[in-house]
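Undergrad: The structure's right below; bear with me while I get my questions together.
The values are calculated or read from the model by the stated rules, or taken from the named source; none is laboratory data. As the structure is a computational prediction, the values presented were derived from the model and not from experiment. As a convention, Cβ positions derive from the backbone with ideal geometry for all residues, glycine included, and neighbour counts pool all protein chains shown.
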């Protein structure tokens, strides 16, 4: 028996509205679980962005006073170069710093509009001979006290801050999201099972007149898919709101110094949305397939 578009649309709509309470419960549970999944992805990506400036063996960055002159710059360069505990230094001018700044805060127009290259300090990226935590901390402390140094940021400090902020949050969100995803799957499965049970007589008649199992399954599977996609669409909207809330929270924080910000780029938001949509489709399709396979013979 061939599928008809009008039939599929009519039956899917009827299934969704017949058990409206279960449908709403399924959609809301899918929404909450996928919103947590999306937020977890944002937190993980933002944490990775925090350490992007420490690449290629760089262990700490010496930010210079914005008003430093050439003579003072040469003195700091010589001091770093003559230190036997330092293997390599790399000077980063304002344009290069601004390029990194734009990379870290890509897509955050409110921040980019208010910062110019001239607002950012120049710096030296430093690779020490001994990269142990104790050695790096000692060098960072030493150069924080040097004249014409604005600040020193050590990779160990950033990584420690990142881990402290994200490990607990990520673990908690992942556990909670997993629990809710299982609950969402069970709700979708139960919604479809209830719809099939309510129409068991009709399904028996359809099978007697030659309807195939797939002819009967498709409207019910689409019902589960629609629930998942609605919940996923709501979660995608929440991801954008979560990114905005995180940006506002970080912008109000005085404890995070320049270029140490937990930043979320537009590409990170896109990745989170793609994962949310893919999870919504997989969740609904698998749940629907299991429900129709198990409860088709009524």
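Undergrad: Quick one: would you say residue 183 is at pLDDT 80 or above, farther than 24 Å from residue 247 by Cα and not in a helix (DSSP H, G or I)?
TA: Judged against the criteria, residue 183 is not a match.
Undergrad: Return only the number of the condition from (1) modelled with pLDDT of 80 or more; (2) in a helix (DSSP H, G or I); (3) out of contact with any helix residue (DSSP H, G or I) (no Cβ under 6 Å at 6 or more places or on another chain) that residue 161 does not satisfy.
TA: Of everything listed in (1) modelled with pLDDT of 80 or more; (2) in a helix (DSSP H, G or I); (3) out of contact with any helix residue (DSSP H, G or I) (no Cβ under 6 Å at 6 or more places or on another chain), residue 161 misses just condition (1).
Undergrad: Which of (1) crowded, with 16+ Cβ neighbours inside 10 Å; (2) at pLDDT 85 or above does residue 147 not meet, given it meets every other one?
TA: (1)
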